[in-house]
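One structure is given here, and the rest of the page talks about it.
The values are calculated or read from the model by the stated rules, or taken from the named source; none is laboratory data. All values derive from a computational prediction rather than experimental measurement. A quick note on method: Cβ atoms are made from the backbone with ideal geometry, for glycine too, and the neighbour counts reach across all protein chains shown.
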Amino acid sequence: MDQIVVRGGQRLKGRIPISGAKNAALTLLPCALLTDEPLTLRNLPRLADVDGFGHLLNQLGCSTTIEGSRPEDFGRVMTARATTLTSTVAPYDIVRKMRASILVLGPLLARAGEATVSLPGGCAIGNRPIDLHLKALEAFGAEIELASGYVKASAPGGRLAGGKFTFPVVSVGATENAVMAAVLAKGTCVLENAAREPEIVDLCNCLVAMGAQIDGIGSETLTIEGVDRLHGATYRVMADRIEAGSYACAAVITEGDVELVGAKAAEMEATLAALREAGATVEEVKGGIRVAMSGRAQPVTLSTSPYPGFATDMQAQFMAMATLGTGASLFTETIFENRYMHVPELARMGCDIDVRGRSAVVRGVDALVGAPVMATDLRASMSLIIAGLAARGETQVNRVYHLDRGYERLEEKLQAVGADIERISAG
């Protein structure tokens, strides 16, 4: 199994290209199931999860072809075409490896009138039930059955009828699934208290480019007028705001100065506000965002919440950044109940972190010391890399397959701005 070795103490300085967003890509790929015409996605990141989703599309009868990147993009170009769906079953052996696979449920139901999808797997960061996905689909006319670890959904008459659903709590995945199911409904579908993440805006914009009729994009109320069919389109995946925020934290902890090329400030305002609270210089520059730091980070008080609040996917990285801060920082995790699994590993490097329920107090220490550590999930993995960049000596990060799910060419990008980091392949 591969290992990433980081030798800390190098100040990061230079330009880091930000890849297409993993969370957006995994939402846009299933849109290919909604039409028999080609959907071409540009700026698609080279990630294990993206490859895995491509395999799932192939299983359902969707062909996929991949080209190299264009000059204005950092990732690949994929064209997916589901001329005919050969299956409406997403099997356990594929879905268990990647939670985002549940997002084929809505498109399959919309186009074929039926879908059988295994209950999902993914990172072990807490209980993430899909009940809101199913309730939204039921509100639009779907009939749902749970049997033998599978969701079996059908639309009487072959198409969803339309309807209205109000989310009791904001759910990104359920909003995405419901929107994709609604675009081919016979009637009007209304979603209230819908998630507003930039990745959902990206999804809606892509669907509109394919011929969907969606009002209220970017707001908490989405109104979708069903159409008879969608057509193909070419669409560029948005930049990854979580990747950009992660490298920003790396710049702060190393007292560096980096330009995040392709990042958009409007999509990550809560992250940038938290960086400024920590004492960083943050400014928009042509084509990206510059983040620079002089001295140690100031204490921060952060609570995760749905967009436009502070993202749960940035909590671990900011916690690592705060470990060398000048005082005590307070973190409160409100989204997932088990997202502090990186804390014991950070403690191996000398961090002072006290977890009490959903809150954690991080007291800045004078120095971190490199150590062998083990990644537990995607964002926890990045927190260990960030800590390792500033630690004395060598940090060996194991289970790096987690990182490969969400960070494209991580070692290459960090090496280019001065980090002493390398991947050591097993065997």
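Scanning the stretch 37-69 for residues that are surrounded by fewer than 17 Cβ atoms within 10 Å (Cβ to Cβ) and acidic (Asp, Glu), we see that the one that is farthest from residue 89 (Cα to Cα) is 67.
Checked against (1) of a type in the set (Asp, Glu); (2) under 21 Å from residue 18 (Cβ atoms); (3) touching a residue at least 40 places away in the same chain (Cβ under 8 Å), residue 422 passes all but condition (2). When 221, 188 are checked against the criterion of being β-branched (Val, Ile, Thr) and within 23 Å of the chain's Cα centre (by Cα), a single residue qualifies: 221.
The sole residue among 190, 151 that is modelled with pLDDT under 95 and either in a loop (DSSP other than H, G, I, E, B) or not hydroxyl-bearing (Ser, Thr, Tyr) (or both) is 151. For the stretch 381-419, a residue qualifies if it is free of Cβ contacts under 8 Å to residues at least 60 places away in the same chain and in contact with a helix residue (DSSP H, G or I) (Cβ under 9 Å, 6 or more places away or on another chain), and exactly one does: 381.
Note on the stretch 386-409: residues that are closer than 10 Å to residue 4 by Cβ and among the aliphatic types (A, V, I, L, M) amount to 3.
Residues of the stretch 159-179 that are hydroxyl-bearing (Ser, Thr, Tyr) and surrounded by fewer than 21 Cβ atoms within 10 Å (Cβ to Cβ): 166 alone. When the criteria are applied in full, residue 274 meets the requirement of being in a helix (DSSP H, G or I), in contact with a helix residue (DSSP H, G or I) (Cβ under 7 Å, 6 or more places away or on another chain) and either within 26 Å of residue 172 (Cβ to Cβ) or among the charged types (D, E, K, R) (or both).
In the condition set (1) under 16 Å from residue 5 (Cβ atoms); (2) buried (at least 24 other Cβ atoms within 10 Å of the Cβ), residue 383 is compliant with all but (1). Scanning the stretch 219-256 for residues that are among the charged types (D, E, K, R), surrounded by fewer than 18 Cβ atoms within 10 Å (Cβ to Cβ) and not in a loop (DSSP other than H, G, I, E, B) turns up just one, 225. Of everything in the stretch 297-320 that is in a helix (DSSP H, G or I) and not β-branched (Val, Ile, Thr), the residue that is farthest from residue 363 (Cα to Cα) is 313. For the stretch 180-196, a residue qualifies if it is within 26 Å of residue 20 (Cβ to Cβ) and either surrounded by fewer than 24 Cβ atoms within 10 Å (Cβ to Cβ) or outside the structural domain of residue 160 (by TED's automatic domain parsing) (or both), and the qualifying residues are 195, 196. For the stretch 396-427, filtering for residues that are acidic (Asp, Glu) and under 12 Å from residue 48 (Cα atoms) leaves 2.
The set of residues from the stretch 92-114 being in a loop (DSSP other than H, G, I, E, B) and either farther than 25 Å from residue 185 by Cα or not assigned by TED's automatic domain parsing to the domain that holds residue 160 (or both) comprises 96, 97, 98. The set of residues in the stretch 161-187 that are assigned to a helix (DSSP H, G or I) and out of contact with any His (no Cβ under 6 Å at 6 or more places or on another chain) comprises 172, 173, 175, 176, 178, 179, 180, 181, 182. The residues of the stretch 50-103 that are under 22 Å from residue 399 (Cα atoms) and modelled with pLDDT under 90, listed by number, are 93, 94, 95, 96, 97, 98, 99, 100.
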